[in-house]
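Working notes, beginning with the structure itself.
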Amino acid sequence: MRGPSPGSLPQIAFAGRSNVGKSSLINLVLGRTRTAIARVSATPGKTQEINFYKVRAELDDAETQFFLVDLPGYGYARAPADQRRRWKPLMEWYLGETKELRGVVQLVDIRHGPTKDDLQMVDYLAHANVPALFVLTKADKIKPAQLRSRVREIADKLGVEDDQVLAVSTLQKLGQGELLESLGALLGTDENREAEGTE
Ligand code: GTP
Ligand code: MG
């Protein structure tokens, strides 16, 4: 099957459980850059879709264009069985075939830590050899004094360095500056995924 590409621009995908705050965060990034210029949809299945948002942003003093990709959420217990069955092949298709993919922003609810589903996804990203950035959502839901230790605790459970983990709140507009910087860093990686190959 042809790779899910609406164009040759680099892509950064947002992944996470249903309700973790993916769409809210994408809206925040789009609002901040004020240049959502197009929206393209790819709908291989009937009930799940991957949405592409074309973004033009000023990153590292240079105008950069890329796609923010909203991946279907997982772990929603009440999702129809059919929809849950489709999730895996859809993700394998997207992660395996997208040559333009520069990285995945993996969202985790700061209150619930990484769930079993989240850890499975992280494992999956590691296997697909995709650079990952971890964003802890809904940081407004915990006491500011607990933020650092919570970030450290979750980084530990994820098996990554603290500096790969960022706490955000769309409610308090916390962390989006750092997020944009990190997106810029992901877009700047000239690592050749194709050479590494995927399974
Ligand atoms: P699916 O599309 O179902 O996979 O969910 P999603 O991951 O896109 O989550 P969405 O952005 O729709 O947000 C889910 C709920 O969390 C909504 O009620 C949001 O208002 C809420 N929410 C999102 N971000 C925050 C946040 O930073 N703080 C708080 N307190 N609530 C948030
Ligand atoms: Mg959503």
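List of remarks:
- For the range 10-28, a tally of residues being at pLDDT 85 or above and more than 10 Å from ligand 2 (Cβ to nearest atom) returns 6.
- Hey, THR137 within 16 Å of ligand 2 (Cβ to nearest atom), in contact (Cβ under 8 Å) with a residue 60 or more places away in the chain and open to solvent by less than 10 Å² (accessible area, probe 1.4 Å) or not: yes
The values are calculated or read from the model by the stated rules, or taken from the named source; none is laboratory data. Small disclaimer: the values here were computed from a predicted structure and weren't measured. Cβ atoms come from the backbone with ideal geometry, glycine included; neighbour counts cover every protein chain shown. Heads up: the accessible areas ignore ligands, DNA and RNA and are worked out on the full protein's heavy atoms, side chains in. Shrake-Rupley method; radii C 1.70, N 1.55, O 1.52, S 1.80 Å.
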